Amino acid sequence: MIEELYREHWPLVCGFLLRRTRDPHLAEDLAQETFVKATRALLG
């Protein structure tokens with residue numbers, strides 16, 4: 001489930017954050033933090 005969520009949404013989240021920040025490294029860091037928080041929330 002988590003892998004599927006990551007696979008489907010990573011490009012969208014990264015792309016959105018890249019457009020907002022215009023910094024590829026920051027966008028990836030923020031996307032990673034987002035997925036860590038989402039995973040923790042889903043797993044309780």
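All of the numbers you see were taken from the coordinates with simple rules; none came from a lab. From a predicted model like this one, the values you see are computed outputs, not experimental measurements. Every residue, glycine among them, receives a Cβ derived from its backbone with ideal geometry; neighbour counts consider all protein chains shown.
Structure notes:
- Each of 9, 25 has some number of other Cβ atoms within 10 Å of its Cβ, and from fewest to most they run 25, 9.
- Counted charge near residue 36, where neighbours are those whose Cβ lies closer than 13 Å (Asp, Glu -1; Lys, Arg +1): -1
- Cβ-derived FRET efficiency at R0 22 Å, residue 36 paired with residue 7, nearest 0.05: 0.90
- Check: the chain dipole with +1 on Lys, Arg Cβ and -1 on Asp, Glu Cβ, in debye: 180
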